[in-house]
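First the structure, in the form of C-alpha cells, and then the observations on it.
Please treat every number below as a calculation from the coordinates, not as lab data. Predicted, not measured: the structure shown is a model, and the values here were computed from it. Please note: Cβ atoms are built from the backbone with ideal geometry, for glycine as well, and neighbour counts cover all protein chains shown.
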Amino acid sequence: GELIKAKKIYDDLIKVIPKNTDSIKIDGSNYGELGWSPNIISPLKIEGPIFLSGGLYKFHIEILTIGADSNKLNPPTKFDASISLADLTDHKISYEGNDYDIGVMSYYDKINNFSFDDNSRTISFSMPYDWSKQNISQTSVVHQEIRIPKNFAEMLVTKYDATVNGIPIQESGVTIDDYTTDSRIVHLVLTQKQLGTIVDSVQDKSKMTFTMTPSKQEKFPLSSYTHNAIFQVGLSWDPAPIQPSKNTRFYVDITRYFAPKVREDAKFDFVISQHGQELYRKSVTGLIGADEKTNYYDYTFSDKNLGPIIISIENINGEKLSSTDYVIVVKPQ
C-alpha cells in the first residue's frame, strides 16, 4: 500500500478532513520533537487526499512517551490497526444477448478480478486479505454485497451457493435482501469465528476469492422486514418453480419482530406487479404469529407474465410502512 503520512502527534484526537488536494495540510501547533498538538480552541486537523476512496486503511502507531514528555519509552510501544471504508464497484456483463450491471459493495477492502461465467452463472471476484491469525483476531466480520438487477431473471433464485477460497460459506452467511427498488442484494458474511474455523484449509493466504452461483435447490421462506421494522414477513410458494397456466399457492408468514409469539388477526394487501403495472391486488385477512403456511393465497400466471414478478405485502393492519416486497420469477414450461 501507499504511505499517506507519517507524523508525530502530541494528542489522542485527530479530525481528518478528506479533500482532493495534492498534499496533506496539518492545522495545529508544531512543537518539533514533541510533535503536532491541537490549537487552544480547535482539535488537531489533518486535511488532504485521505479516505477519498473505499478500501482498507492500515495504521502503524508508536507510543513514544507516557505520563510525562520526558518519560520516553525505549523501545516504543507499537501496534497496528485498520479502518475499512465501503467500496462500490459496477461491472457490466452480458448474458443471452442482454446487458446487465452487477454491483459489488465491499465493506473490507477493494475487490479485483471480477468475472461472470455464462455457463454456470457464477459471479467471482477477489480481495486482498491477510489470513494470519493475528489479522483474523482483528477482523470482526467480512461483508460483501452483490447487487443483481431485478430484471436479470436468470439470477433471481431463492438460494445461492457461495464459497471463499473454494470453501463453502455457511447458509446463514448468504442472505437475500429485496428491500431496494432496483436491485436484489445478496449478502455474503464471514464472522471472525468462521474465519478461524476455515483458515487451516485456505491455501492462498494473501487474498479472499469469492464465488456465488444460483443454487439448484429452492430455499423457503424468503424473509424480510417491513419498512418500519415492526414485522418479519416470510414468503414461500408451491409448486416451485412458478410456471404459467398452473395455480401457484403463496404462503405469507407474519410475526412481530420483537414479539414473535404474539398471535393476532391481520389485514393486509396482497399485490402482484410486473414492469411497474399491477396484475393483482386484494385485501386479505390472516393471522400474525401463526404456524408456517397458515396464511395462503392463490394466483395463476399467464404466458404473458414470464420473467421477474414483484410480490408485495402492504399496509399490514392499516400501517403504510408495514410493507415489504419480494422479487420472484415465472419460468417457461
Fill in: Other-chain or far-sequence residues with amide H under 5 Å of residue 309's (modelled H)
328, 329, 330
Worksheet, complete the sentence: For the chain, whose charge dipole is built from +1 on Lys and Arg Cβ atoms and -1 on Asp and Glu Cβ atoms, the candidate among 308, 120, 57 with its Cα farthest towards the positive end is 57
Practice prompt. For segment 155-289, just the Cα set please: Rg and Dmax, both in angstrom.
Written response: 18.5, 55
Worksheet entry | As computed over the chain, the Cα convex hull volume per residue (Å³) | 206
Worksheet item: Using only the Cα atoms of segment 86-214, what do you get for the radius of gyration and for Dmax, in Å?
Response: 14.5, 47
Response to the item:
If every Lys and Arg gets +1 and every Asp and Glu gets -1 at its Cβ, then about the Cα centre the chain yields a dipole, in debye to the nearest 20, of 360
Worksheet entry | Cross-link partners of residue 216 among lysines (Cα-Cα below 16 Å; sequence separation of 8 or more within a chain) | 159, 331
Practice prompt. State the Cα centre-to-centre distance between segment 8-34 and segment 284-318 in whole Å.
Written response: 57
Worksheet item: Around residue 300, which amide H atoms from residues at least 5 apart in sequence, or from another chain, sit under 5 Å from its own amide H, with H modelled in the peptide plane?
Response: 248
Worksheet, complete the sentence: Output for segment 281-328: GluC sites (Glu not before Pro) sitting in coil per DSSP, at most 15 other Cβ within 10 Å, listed by number, reads 292, 319
Item to complete: Give me the compactness ratio for segment 14-83, meaning the Cα radius of gyration over 2.2 N^0.38 Å.
Response: 1.30
Item to complete: Report, by chain and number, residues whose modeled amide H sits under 5 Å from the one on residue 19, excluding near sequence neighbours (fewer than 5 apart, same chain).
Response: 48, 50
Discussion item. Report the gain in length on full extension from residue 86 to residue 130: 0.36 nm times residue separation, minus Cα-Cα distance, nm rounded to one decimal.
Written reply: 14.0 nm
Worksheet, complete the sentence: With +1 on the Cβ of every Lys and Arg and -1 on the Cβ of every Asp and Glu, the dipole magnitude of segment 108-263 about its Cα centre, in debye rounded to the nearest 20, is 460
Worksheet entry | Within straight-line cross-link reach of residue 193, lysines at Cα separation under 23 Å, skipping those fewer than 8 residues along the same chain | 58, 110, 133, 205, 207
Worksheet, complete the sentence: Expected max-MSF residue from 60, 275, 143 in the GNM of the chain (alpha carbon, under 10 Å) is 60
Worksheet, complete the sentence: For segment 27-126, listing GluC sites (Glu not before Pro) in a DSSP loop whose Cβ sees at most 10 other Cβ atoms within 10 Å gives 96
Worksheet item: Taking N as the number of residues in segment 240-333, what is its Cα Rg relative to 2.2 N^0.38 Å?
Response: 1.13
Discussion item. With θ taken as phi - 60° and the coefficients 6.51, -1.76 and 1.60, list the Karplus ³J(HN,Hα) couplings across segment 39-50 in order, rounded to whole Hz; mark glycine and proline as x.
Written reply: 6, 4, 10, 8, x, 5, 10, 10, 10, x, x, 10
Item to complete: Please identify every one of the chymotrypsin sites (Phe, Trp or Tyr not before Pro) in segment 238-333 that sits in a loop by DSSP and has no more than 15 other beta carbons within 10 Å of its own beta carbon.
Response: 257, 258
Worksheet item: What residue among 136, 213, 111 has its Cα farthest toward the positive end of the dipole of segment 86-214, where the charges are +1 on Lys, Arg and -1 on Asp, Glu, each on the Cβ?
Response: 136
Discussion item. Show me, for segment 214-220, the HN-Hα J-couplings you get by feeding each phi into the Karplus relation (A = 6.51, B = -1.76, C = 1.60, θ = phi - 60°), rounded to Hz, glycine and proline as x.
Written reply: x, 6, 7, 9, 8, 10, 10
